[in-house]
Amino acid sequence: LTTFHLASVVLDPFTNESSWILSTAARILDGFREADVRTNFVVTADEDDARAFVGPLAERFLIFADRDRAIVKAIGLDELPAFVFLRVDGTVPAVAEGWDAVAWRNVAEEIARTTSWMYPTIPAPGDPGPFRGTPALA
């Protein structure tokens, strides 16, 4: 599957909800840049639209284009945005859907526990208020 754990933020570039969380997600992923996990964005679009959506973040993070939502389906996500921890063995021990700071912090804590790393502050000043995600497979 992969040689590293993955800390993935899954986004739908055609929804407001995913744009609302983009800077917060980048901040959270930045907190794990030196940990034994590969931080990345999974964007439910083709490569061009994915790069256009994340903009300069494409220089800092791995970006996976999931136009057909194969990753979304394989993980079993119901709502986007989502924060997903995918272990090297293919298991998904922690997922948060929509934006709920406590749920995202729980995912970050699991990543930190697994990688012996510290997790970033969640929520932090400037983060949005909680909101439900949009349907992942609409």
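Data for the structure
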quantity	calculated
Residue of Val43, Val92, Val54 that the Gaussian network model of the chain assigns the largest fluctuation, springs spanning Cα pairs under 10 Å	Val92
Length-normalised contact order of the range 5-129 in % [C-alpha pairs under 8 Å, at least 6 apart]	29
Between the range 120-138 and the range 93-110, the Cα center-to-center distance that results, in Å	10
All-pairs Cα distance distribution in the chain, expressed in whole percent, bin size 10 Å	13, 48, 36, 3
For Val37, distant residues with modelled amide H under 5 Å away	none
GNM flexibility winner over the chain from Thr121, Thr24, Thr39 (Cα, springs under 10 Å)	Thr121
Sequence ranges 6-18, 25-37, ranked by mean other-Cβ count within 10 angstrom, highest first	6-18, 25-37
Net length gained if the chain between Val102 and Leu137 were fully extended (0.36 nm per residue, minus Cα distance)	10.2 nm
Top of Ala96, Ala82, Ala74 by mean-square fluctuation, Gaussian network on the chain, Cα under 10 Å	Ala74
Segment Arg113-Phe64, length gained on full extension (0.36 nm per residue, minus Cα span)	15.1 nm
Cut-off under 5 Å, modelled amide H: who pairs with Leu62 long-range	Phe41
Length added when fully stretched, Ala74-Ser23, from 0.36 nm per residue minus Cα-Cα	15.8 nm
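Taken together, the values in this text are just the output of simple stated rules run on the coordinates, not laboratory data. Owing to the predicted nature of the structure, the values given are computational and were not obtained by experimental measurement. Note that we place each Cβ from the backbone using ideal geometry, even for glycine, and neighbour counts take in every protein chain shown.
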